[in-house]
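The values are calculated or read from the model by the stated rules, or taken from the named source; none is laboratory data. Since this is a predicted model, take the numbers as computed values, not measurements. Virtual Cβ from ideal backbone geometry, glycine too; neighbours counted across all protein chains shown.
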Amino acid sequence: MKIYTKTGDKGTTALISGKRVSKYHLRIEAYGTVDELMAFTAVLYDSIQNPRHKTFLLKVQDRLMTLATILAADCENCDFKLPEITDADIEAIEKEIDDLDTDLPRLSNFILPGGHPAISNAHVARTVCRRCERLVLKVHDREAPCLDVVKYLNRLSDYFFVLSRKLTKELTIDEISWIPRSK
């Protein structure tokens, strides 16, 4: 099978149903951004050493593939069973956040990204995740209900933030607090 099909040469692509839509269609924009988040998650994965974090990030990538599939599925009765995001997936992120947060100092200021490439990569993943969430919310409101996907992305961005703080502690780097300028 060749990687190029030439079917997109006129600016369209197919959803799972086979329906052709523009490459800037809302669903394509949403699952394309999920794909971008998967790539940034891989960059984060490659920049850290802690095996526990790496294992969890692989699970995240698996779930992100599920999200992309859900967003590309515009059929109620597809020829195959679509993967799902479940409450257990969301709860797994919440548990991981709680575990990572147990020995972190109380947050008293906004935190600026930086201090180490791994920390910065976690912040990039967080911001891309927030963009995914905004786009998926549009799909939810305009195209098809996918509230579990929205919830998953909301928790995932929180996870990336807490992971950045945990990495800061593990790497013995000082957090960069944002202190607003006074007049």
>> All but one of (1) at pLDDT 95 or above; (2) more than 17 Å from residue 32 (Cβ to Cβ); (3) surrounded by fewer than 21 Cβ atoms within 10 Å (Cβ to Cβ) hold for residue 159; state the number of the condition that does not hold.
In response: (3)
> Among the residues of region 144-158, how many are under 19 Å from residue 47 (Cα atoms) and either touching a Leu at 6+ places or on another chain (Cβ under 8 Å) or among the small types (Gly, Ala, Ser) (or both)?
Replying inline: 1
> (1) among the acidic types (Asp, Glu); (2) modelled with pLDDT of 95 or more; (3) within 14 Å of residue 30 (Cα to Cα): which one isn't true of residue 143, the others all being true?
Replying inline: (2)
>> So residue 128 ticks every box in (1) over 20 Å from residue 54 (Cα atoms); (2) touching a residue at least 40 places away in the same chain (Cβ under 8 Å); (3) surrounded by 13 or more Cβ atoms within 10 Å (Cβ to Cβ) but one. Which box is left unticked?
In response: (1)
>> So residue 98 passes all but one of these: (1) at pLDDT 95 or above; (2) touching a helix residue (DSSP H, G or I) at 6+ places or on another chain (Cβ under 8 Å). Which condition number does it fail?
In response: (2)
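Would you mention how many residues in region 130-148 are under 14 Å from residue 35 (Cα atoms) and in contact with an Asp or Glu (Cβ under 9 Å, 6 or more places away or on another chain)? Give the derivation first.
Step one: of region 130-148, the residues under 14 Å from residue 35 (Cα atoms) are 130-133, 135-136.
Those still in the list that are in contact with an Asp or Glu (Cβ under 9 Å, 6 or more places away or on another chain) too: 131-132, 135.
The qualifying residues number 3.
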